[in-house]
1. Among the residues of the range 313-325, which ones are away from the ligand (no atom under 14 Å from the Cβ) and buried (at least 22 other Cβ atoms within 10 Å of the Cβ)?
2. Check Asp59, Asp81, Asp96 and return the single one that is under 30 Å from Gly449 (Cα atoms), modelled with pLDDT under 95 and not basic (Lys, Arg).
3. Can you tell me which residues in the range 25-79 are part of a loop (DSSP other than H, G, I, E, B) and in contact with a His (Cβ under 9 Å, 6 or more places away or on another chain)?
4. Residues in the range 419-437 that are open to solvent by less than 10 Å² (accessible area, probe 1.4 Å) and closer than 17 Å to Leu469 by Cβ: how many?
5. On the given criteria, is His61 free of Cβ contacts under 8 Å to residues at least 40 places away in the same chain, within 32 Å of the chain's Cα centre (by Cα), closer than 30 Å to Asp8 by Cα and surrounded by fewer than 24 Cβ atoms within 10 Å (Cβ to Cβ)?
6. Kindly indicate whether Lys288 is among the basic types (Lys, Arg) and in contact with a strand residue (DSSP E or B) (Cβ under 7 Å, 6 or more places away or on another chain).
7. Touching a residue at least 60 places away in the same chain (Cβ under 8 Å) and out of contact with any strand residue (DSSP E or B) (no Cβ under 9 Å at 6 or more places or on another chain): does that describe Pro362?
8. Need the failing condition index for Gln226 against (1) surrounded by fewer than 19 Cβ atoms within 10 Å (Cβ to Cβ); (2) within 16 Å of the ligand (Cβ to nearest atom); (3) at pLDDT 85 or above, just the number.
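The values are calculated or read from the model by the stated rules, or taken from the named source; none is laboratory data. What you see is a predicted model, and the numbers here were worked out from it, not measured in a lab. Reconstructed Cβ throughout: ideal geometry from the backbone, glycine too, with neighbour counts over all protein chains shown. Just the protein is used for accessible areas: all its heavy atoms, side chains included, with ligands, DNA and RNA removed. Shrake-Rupley method; radii C 1.70, N 1.55, O 1.52, S 1.80 Å.
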Amino acid sequence: MPHEQYDDCWLRYERVADGARREAYRRRCRHAYVAEKSPESSAVRDELRRAVPGLLDEDVHLWQHPPTTADGFLAVGTPDDMAMIAESVPVGEVEDLADGGYLLRSVEWEGQDCLVVTAPTDRGLVYGTFHLLRLMATGEPIDDLDVWEEPAYDNRLINHWDCPFRGTVERGYGGESIFDFDRLPDLRDRYEDYARLLASVGVNGVVVNNVNTDYYPRETTTEAAQTFDGWRLLESRRLEDLTSLASVFRRYGIRLYLSVNFAAPERIGDLDTFDPLDEDVRAWWRQKVDEVYDLIPDFGGFLVKADSEGQPGPYNYDRDHVEGANAIAQALEPHGGRVWWRAFVYGSHEDRAVQAYDTFEPLDGEFADNVTVQIKNGPIDFQPREPVSTLFGAMPETDVGLELQITGEYTGQGVHATYHLPMWKEVLDFDTHADGEGSPVKSFFRGSGEGVVGVGSVGEDHSWTGHYLAQSNLYAFGRAAWDPDCDAEAVTREWATQTFGADDDVVETVVEILHDSWEACIDYETGGLGLMHMMHNGEEYLENHYYPSPEEWPGYHGASEGGIGVDRTSTGSGYAAQYRDPVAERYESPETCPEKFLLFFHHLPWDYELADGTTVVQRLYDNCFDGVEEVERLRDRWTELEGRIDERRFRHVAERFEEQVAQAERWRDVLTETFRDYSGIPDERGRVPEP
Ligand code: GCV
């Protein structure tokens, strides 16, 4: 049954298979035996109860023991749980699977056609069951399954930027926070449904509060956005409240984490210092962490934003990031907990791009074993397109994590349809050459303390993500964090089929829209060629980073009468040299620098000729106009779906597309007029009006 208050997203479990295919599903799945022994296995039973009626048009019969039926059955358990499983699979190989890994196998058992979902851990049973349900929800055959799966990375986390007790979500465009911390330990259905969505794509950890746990001194007028008191979650009574939320997530194999304030010993404790080298401070962290683990034994750890955008940190006491991170890590270590320490630092260098590497690379090898340095994909801040951060591959002796943004802070904020998976694939596949050729970004997160992190996007809206199509970004994040080698189109098609049903034309249209959306956004919001961050940073908090305002950020585009772009080569900020050769060499020269990053690394004359003979300024004009045309085309493609999907989602997306086109035109006009004003060079095609 669909929820009144919110969408089922990709867990709709609508029947897409008919005839022989559906008969095969019925034969193997209408009877099921799930070993009942853990929170995870009871979640599996619940999921089968929810899914099977929609997929098969009849209820599932859940047995207390392996049944003998006229047809077959589905068995879910570890090899230890039942003889039927132990006798149907190579037990040793199953036990060797990584945590979260599983095997789906079609087997014949006592003359019956059965299906086995097995794994070395109960968490794997949850993932395996969701995989099987996904196969049926996308109409795939299940008669001949022998699917072995393991996650590529041990940690696949969501970072919520939700502001506890305020109900707001920083950079969230899907409505208020779903977490009602004041009402905990009371639980809402939505928590479980969120956990199901996450587990279905393999996410295994959730940081429930914003990294900005403190007052955030920035020019905003909205009171709610100014006051961050997420640090209060470490107070004893709040920790007790959190146990219920942790238990909801636990059923789905998801561990709870908290963002903490580095000044907590002073804020919450009664100390008059938070110096990480002070013995009382260290004792305070130990006692606080013991308290947390007493209440939540599988607690994941702490996320810390320190000495960044006004948050307190070790610099308050002239200590460095190692001293800061290790002090907290030491307290977590006996419990198996971890500190995720963010490398998002800027402000003291003229070119912010250089700072994270300058700060963290020299510290390689000094962080404790249970510290992970969490690095944003690019050196600036989740721009529509950035080169990858120079820190990837630069800290071989340190556990590192990749931070991606699921929410669309700079890509149209829940109004524009911008799909991030192609961008993430570009990042993951980028060859850093850190260990010679063939050292892609995706190869750096394979240690047990490493992984991939996504800044979350959900809120109270019916759509969860503010835009029904933006659900795809949450889905794709999980799938890419599970398997960075995934085929992007296949993932998108999976999402579209589960979300919009089995009409092939609808699915293909949605896949096309999503896949073409990112480049369109780059074109109209930047003009391409590596420009970025020309967004408005106005009074109204929520307008931040949405409207065009290149005049506010001259440092990012570097435009002058003589040219445009920022010199980050050896004659400029030197950022290019932070890469390893041959990447550094490639970026150093405008002749070899890929055009998509040209103006990120170089300040060039407006009439500089690109490879095809077009000048820089003309290419910028052309890209801005192409971006708008592309959005119009995508809007028209969506319009073709009228009557083929439900009215609610059709209208919602159609209306947003109208707004997206209007905003894309606004971006185009502001940017092209800015380029014209600086350069004094008219558009060859006469589209940019004379001043
Ligand atoms: C959570 C950018 C965003 C901020 C965000 C910050 C961060 O500056 O605009 O909203 O704060 O990044 O990642 O810490």
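1. The answer is Pro314, His321, Val322, Gly324, Ala325.
2. Of the residues listed, the single one that is under 30 Å from Gly449 (Cα atoms), modelled with pLDDT under 95 and not basic (Lys, Arg) is Asp81.
3. If the condition is that a residue be part of a loop (DSSP other than H, G, I, E, B) and in contact with a His (Cβ under 9 Å, 6 or more places away or on another chain), then Arg30, Val60, Pro67, Thr69, Asp71, Gly72, Phe73 are the ones that fit.
4. Qualifying residue count for the region: 4.
5. no
6. No, not satisfied.
7. no
8. (3)
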